[in-house]
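Student: Attaching a single structure in structure tokens format; questions to follow.
The values are calculated or read from the model by the stated rules, or taken from the named source; none is laboratory data. Note that the structure is a prediction, hence the values are computed from the model and not measured. FYI the Cβ positions are ideal-geometry reconstructions off the backbone, even for glycines, and counts take in every protein chain you see.
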Amino acid sequence: MLEVRNIQTCYGNIQALKNVSLTINEGEIVTLIGANGAGKSTTLMSICGVISPRQGEILFRGEPIHRLNAEKIVSLGICQVPEGRHIFPQMSVLENLEMGAFLRKDKGGIKSDIEHAFERFPILGRRRHQAGGTLSGGEQQMLAISRALLSRPSLLLLDEPSLGLAPLIIKQIFEIIRKINAESNTTVFLVEQNANQALKIAHRGYVMENGVITLEDRAENLLSNEDVKKAYLGM
Amino acid sequence: MDFEYLFELLCSGVVKGSIYALIALGYTMVYGIIQLINFAHGEVYMIGAFVAFIVTGVLTLSGHSGLTVLLLAALAAVIYAAAYGYTLEKIAYRPLRNAPRLSPLISAIGASIFLMNFVQLVQTPDFLPFPELISDFDFMEPISRYLSSVDLIILIVTTVTMIALTVLIKYTRTGKAMRATQQDMIMARLSGINVDRVISATFIIGSVLAAIAGVLIASRTGQINSAIGFTAGLKAFTAAVLGGIGNIPGAVLGGLVLGIAETLGAGYISSAYEDVFAFGLLVLILTLRPSGLLGKAVKQKV
């Protein structure tokens, strides 16, 4: 479904990604784990067209997308929940969700999708008129994921959804991600520092270090891999 | 105390302030979205007045009535200014989008000086008389001491314009995209919003408001020259900062407060010190409330 081939992405003179290649197949949950500053978020931003890779190519359903701008890429069905959630702080929960559907024209469909989001996260329904900036971290993450789903993505990119959340909420969020993947057949690319949880719900995983992919395997193999255990699972 | 005189001053202050507010909206909207102080904004206002002046001249010769001429002149000014604002952003600011913040600021000052001198060269540095197009309404006769017919039109036009702007920002697709871009530009892009188009739209809307203000002021003061944009721009910028830059209701409030403070100061103390009251007030409010009347303090996470 998505193929990243040898991309190199730079911020000014600093090269953040050096020859990154990865593949995501339809229906999978693929995770990318690695330490702070390894280049995980840059990989997502490159896929989404927020930063253009200097070299290499990115194919989505066989078509090159690495020269397209961010709006176009969203319209193809790739949607990202960025790190730090990026809720529109002065917009209500409802308005935030509507922004997720910005490119859609089917009013009825949007409405029922919003209701569906409120069923999935009842707390959001109760706070629908509250400003997004006043929600707790966990609620904001629920809102960020729901907002992304409102664009009806076929590929959902998640950047550190567990960041700064309480363990119980983290568990809930990962369970929802698994459900989204299983129920609506949304392919998920999950970037995480919380390697243990991420590998538990993922089918496959990549390990990134200093802008390079160093390992690729099935998730259960990575969970039992000695190097991964030592470096990322704290065992 | 002479309440009639006070009321007279207040009316005049509100009229003046509502025009400041119209121009201040352009400053504040652009700042809200790209954190740029568009110093050339006052020039767009001045160009609006000049286009109206030229169109008025041509139309009056062909023998149309006052109000029709004013409407057509305003329409021409609005269209011309919108094109100006759009082009200005494309040429002077867009190439510097990712440059350090000081660069677009310098570019803005450059654009302002260029536009001012350009008009001065192709037109004239002297004051030009702007024709009186609105004849006094009969029903305004009893209160003409407080509010002239032109003042009434100014108040109606500014009110309608501001309501239209509120509706646009709150309910339209463009308005939603503008608010999203203002609150979080990266997320706006990730939601499928074409940020470049939103920024262009902001410049166009701001320029339209400035052009309307230009036509209104010209028909009130009865004269224009190439430097009016500088003074009005500075005042409107003050109004925007006073209300809290980036905050739309703040710009309106700041404009009104500034207009009233100026006329009260001029009326009770001395008109020679009009500008001193305006900027003195700015200093005072920024000392007490550094983020402006309605502005929110920016919290920086460390």
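Student: Of the conditions (1) away from every other protein chain (no Cβ under 14 Å); (2) in contact (Cβ under 8 Å) with a residue 24 or more places away in the chain, residue B:181 clears all except one; give me its number.
Tutor: (1)
Student: Something else: If I ask for residues that are modelled with pLDDT of 90 or more and of a type in the set (Val, Ile, Thr), which ones from region B:246-257 would you list?
Tutor: Scanning region B:246-257 gives B:252, B:257.
Student: So, of the residues in region B:184-195 that are in a helix (DSSP H, G or I) and facing chain A (nearest Cβ under 9 Å), which turns out to be surrounded by the fewest Cβ atoms within 10 Å (Cβ to Cβ)?
Tutor: Once the filter is applied, the top-ranked residue is B:186.
Student: Being without any contact (Cβ under 8 Å) to a residue 12 or more places away in the chain, touching a Lys or Arg at 6+ places or on another chain (Cβ under 9 Å) and of a type in the set (Lys, Arg) is the requirement here; does residue A:179 meet it?
Tutor: It is true that residue A:179 is without any contact (Cβ under 8 Å) to a residue 12 or more places away in the chain, touching a Lys or Arg at 6+ places or on another chain (Cβ under 9 Å) and of a type in the set (Lys, Arg).
Student: Let me spell it out: the conditions are (1) surrounded by fewer than 18 Cβ atoms within 10 Å (Cβ to Cβ); (2) facing another protein chain (nearest Cβ under 9 Å), and residue B:168 meets all of them except one. Which number is the exception?
Tutor: Of (1) surrounded by fewer than 18 Cβ atoms within 10 Å (Cβ to Cβ); (2) facing another protein chain (nearest Cβ under 9 Å), only one is false for residue B:168: (2).
Student: Right, something else. Go over the candidates A:139, A:175, A:98 one by one and state the one that is closer than 24 Å to residue B:174 by Cβ and assigned to a helix (DSSP H, G or I).
Tutor: Selected residue: A:98, the only one of A:139, A:175, A:98 that is closer than 24 Å to residue B:174 by Cβ and assigned to a helix (DSSP H, G or I).
Student: Looking at the structure I just gave you, is residue A:9 modelled with pLDDT of 90 or more, of a type in the set (S, T, N, Q) and under 14 Å from the mean Cα position of the chain (by Cα)?
Tutor: No: the conditions fail for residue A:9.
Student: With respect to residue A:17, is the statement that it is modelled with pLDDT of 95 or more and either within 13 Å of another protein chain (Cβ to nearest Cβ) or under 25 Å from residue A:163 (Cβ atoms) (or both) true?
Tutor: no
Student: Assuming residue A:4 fulfils every condition listed in (1) within 20 Å of residue A:190 (Cβ to Cβ); (2) in contact (Cβ under 8 Å) with a residue 60 or more places away in the chain apart from one, which condition is it?
Tutor: Against the list (1) within 20 Å of residue A:190 (Cβ to Cβ); (2) in contact (Cβ under 8 Å) with a residue 60 or more places away in the chain, residue A:4 comes up short only on (2).
Student: Restricting to region B:241-268, name every residue that is among the aliphatic types (A, V, I, L, M), in a helix (DSSP H, G or I) and more than 14 Å from residue B:162 (Cα to Cα).
Tutor: B:241, B:242, B:257, B:258, B:260, B:261, B:264, B:266
Student: Quick check, is residue A:102 aromatic (Phe, Trp, Tyr), touching a residue at least 40 places away in the same chain (Cβ under 8 Å) and surrounded by 16 or more Cβ atoms within 10 Å (Cβ to Cβ)?
Tutor: yes
Student: Can you tell me which residue among A:71, A:95 is within 14 Å of another protein chain (Cβ to nearest Cβ), more than 20 Å from the chain's Cα centre (by Cα), without any contact (Cβ under 8 Å) to a residue 60 or more places away in the chain and buried (at least 16 other Cβ atoms within 10 Å of the Cβ)?
Tutor: After applying the criteria, what remains is A:95.
Student: Additional query: Does any residue in region A:79-90 that is facing chain B (nearest Cβ under 7 Å) and without any contact (Cβ under 8 Å) to a residue 60 or more places away in the chain come within less than 6 Å, Cβ to Cβ, of a residue that is surrounded by fewer than 24 Cβ atoms within 10 Å (Cβ to Cβ) and in a loop (DSSP other than H, G, I, E, B) six or more places away or on a different chain, and which pairs are these?
Tutor: A:86/B:184; A:88/B:184
Student: What about residue A:76, is it among the aliphatic types (A, V, I, L, M) and within 11 Å of another protein chain (Cβ to nearest Cβ)?
Tutor: So residue A:76 passes the test.
Student: Filter region A:74-88 for residues that are surrounded by fewer than 18 Cβ atoms within 10 Å (Cβ to Cβ) and not in a loop (DSSP other than H, G, I, E, B) and give the result.
Tutor: The answer is A:75, and nothing else.
Student: Right, another one. Write out, first by first residue and then by second, each pair whose Cβ atoms fall under 6 Å of each other, whose residues are 6+ apart or on separate chains, and whose first residue, in region B:255-269, is farther than 18 Å from residue B:233 by Cα and without any contact (Cβ under 8 Å) to a residue 60 or more places away in the chain while the second is hydrophobic (A, V, I, L, M, F, W, C) and assigned to a helix (DSSP H, G or I).
Tutor: B:265/B:277
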